[in-house]
1. Out of (1) surrounded by fewer than 19 Cβ atoms within 10 Å (Cβ to Cβ); (2) within 30 Å of Lys30 (Cα to Cα), the odd one out for Leu103 is which?
2. For the stretch 141-158, does any single residue satisfy the condition of being surrounded by 15 or more Cβ atoms within 10 Å (Cβ to Cβ) and within 16 Å of the chain's Cα centre (by Cα)?
3. Can you pull out every residue in the stretch 151-179 that is farther than 16 Å from Arg100 by Cα, modelled with pLDDT under 95 and in a helix (DSSP H, G or I)?
4. When you check Arg182 against the structure, is it modelled with pLDDT of 95 or more, outside any loop (DSSP other than H, G, I, E, B), basic (Lys, Arg) and over 14 Å from Leu97 (Cβ atoms), yes or no?
Amino acid sequence: MFKGTPELIAHRREEIIRACEKLYQTMSFKEITLKEIGNETSFSRPAIYNYFQTKEEIFLALFELEYKRWNEDLEKIREEEEPLTRVQVAERIARSLEKREQLLKLLSMNNYDMEANSRPELLTTFKAAYGRSMEIIRGILSRFCPEISEGERENFIYVFYPFMFGIYPYAKVTEKQKAAMREAQVDFAWHSIYEITYNCLIRLLEQ
């Protein structure tokens, strides 16, 4: 087992995650290999196995990082000094997700395989970041929409979070998909990440 200072381990892990993130900007999950990731780091490819055992573990770490980034934005909403209306709550959350395109792209992947091929300890830290986002959303609703009951807040969570899995595929339609829909005579209206998210949120909040 690799031994190093906590600082070195953290630095190497971050470098691997950043390499994966860079490749994910232009390549698909299927196309990205450990070799490709290793080529983007400053150390040998076999050394990756000292930190991550599978490609899925690296993507799970990137997924965790994206949730942490989103959580920072959600915290800012919860800490706003002025009261927010339901419309403003929907707007703020929708804008926060609009900036997290990579999170939405990861959500649209096959998360079952990603989680199944990751060690329990890594899955646990990922779930902590994921769970934290739910906790902050509950806090936003509790603070700015106090008339919403606890049961209604839970219903909000368990409708909105599964909904997020489909935002990216609907907002980021490729030319190939557009051509296929035209050929199939499918009536499709393109909407942005913000529009899709806001429309869902405002309907949940208005119930």
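1. (1)
2. Among the residues of the stretch 141-158, at least one is surrounded by 15 or more Cβ atoms within 10 Å (Cβ to Cβ) and within 16 Å of the chain's Cα centre (by Cα), which makes the answer yes.
3. Answer for the stretch 151-179, where residues must be farther than 16 Å from Arg100 by Cα, modelled with pLDDT under 95 and in a helix (DSSP H, G or I): Glu175, Lys176, Gln177, Lys178, Ala179.
4. For Arg182, the condition - modelled with pLDDT of 95 or more, outside any loop (DSSP other than H, G, I, E, B), basic (Lys, Arg) and over 14 Å from Leu97 (Cβ atoms) - is not met.
To keep it simple, each residue is scored yes or no on (1) under 27 Å from Glu206 (Cβ atoms); (2) among the small types (Gly, Ala, Ser).
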site	(1), (2)
Val89	yes, no
Ile93	yes, no
Ser96	yes, yes
Gln102	no, no
Lys105	no, no
Tyr112	no, no
Glu115	no, no
Arg119	no, no
Phe126	no, no
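The values are calculated or read from the model by the stated rules, or taken from the named source; none is laboratory data. Keep in mind that what you see is a predicted model, and the values were worked out from it rather than measured. All Cβ positions, even for glycine, are placed from backbone atoms using ideal geometry, and neighbour counts span all protein chains on display.
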